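First the structure, in the form of structure tokens, and then the observations on it.
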Amino acid sequence: MAYVVGLLATDGCLSKDRRHIILTSCDRQLVQTYLECLGRPIRWTVVRKRRRKPAYYAQFSDVAFYDWLLSIGLTPKKSLTLGAIDVPDCYLVPLARGLLDGDGSISVFRDRPTRLKYPDYIYERLWVFFLSASRFHIDWLRDRLRTTTGLHGYVERIVRKKRRDLFRLKYGKRESIILLRLLYADPGAPSLERKRMIWNEYALKSIGAGGGS
């Protein structure tokens, strides 16, 4: 359920009628996993194209669940107003995995940090990002992860012309390895498969070969 809350806090929506809960994603597997976690029928609607990809829209009515989501910090039109989520420390990791699968990313790429002095030196970078239009929510997430895991990360502001700014919680390579080990410690835990695969491939190639120190 903590994972489901993370998904709803990012890709989800609470309708104004105070009974419908909606999740929209370009990842069909993510929507299916979400419905399976809730024990709901695996049904969705392809509503529109996003960057030439289909978007999958799952909606159901549940007043009790809706009210419970309100009680822990989710709200309608939450993009700019989302703040703290009332989650015990023991469920923070699956919540963070849901937030990552919704509006986060895992980035692996090669860089030449000393191109002029050492043109042949290549460094493989690993970054984990959590993204939100709400600074309050990003600051809350950073503080909670720092308290429970000891990881610090840092927050970047992304300025966009004629649009609301975004805020990004970013972890560098060392902290990303620690965080991802926690998020994916249980191979059977619900997750977005394509993001878990990025971590699995990185861990197998880099950490397994002694490159994760």
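The values are calculated or read from the model by the stated rules, or taken from the named source; none is laboratory data. Quantities reported herein were computed from a predicted structural model and do not represent experimental measurements. No Cβ is skipped: glycine too gets one built from the backbone with ideal geometry, and neighbour counts run over all protein chains shown.
Hey, Gly150 hits all of (1) under 24 Å from Leu74 (Cβ atoms); (2) loosely packed, with under 11 Cβ neighbours inside 10 Å; (3) modelled with pLDDT of 95 or more but one; which does it fall short on?
The single condition Gly150 does not satisfy is (1).
Conditions (1) free of Cβ contacts under 8 Å to residues at least 40 places away in the same chain; (2) out of contact with any Leu (no Cβ under 9 Å at 6 or more places or on another chain), marked per residue:
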| site | (1), (2) |
| --- | --- |
| Thr45 | yes, yes |
| Tyr56 | yes, no |
| Phe65 | no, no |
| Thr81 | no, yes |
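Please go through region 26-67 and pick out each residue that is at pLDDT 90 or above, outside any loop (DSSP other than H, G, I, E, B) and farther than 23 Å from Ser191 by Cβ.
Across region 26-67, the qualifying residues are Thr45, Ser61, Val63, Ala64, Tyr66, Asp67.
Return the residues of region 85-106 that are under 19 Å from Asp11 (Cβ atoms) and outside any helix (DSSP H, G or I); say none if nothing qualifies.
Listed by number, the residues that qualify are Ile85, Val87, Gly104, Ser105, Ile106.
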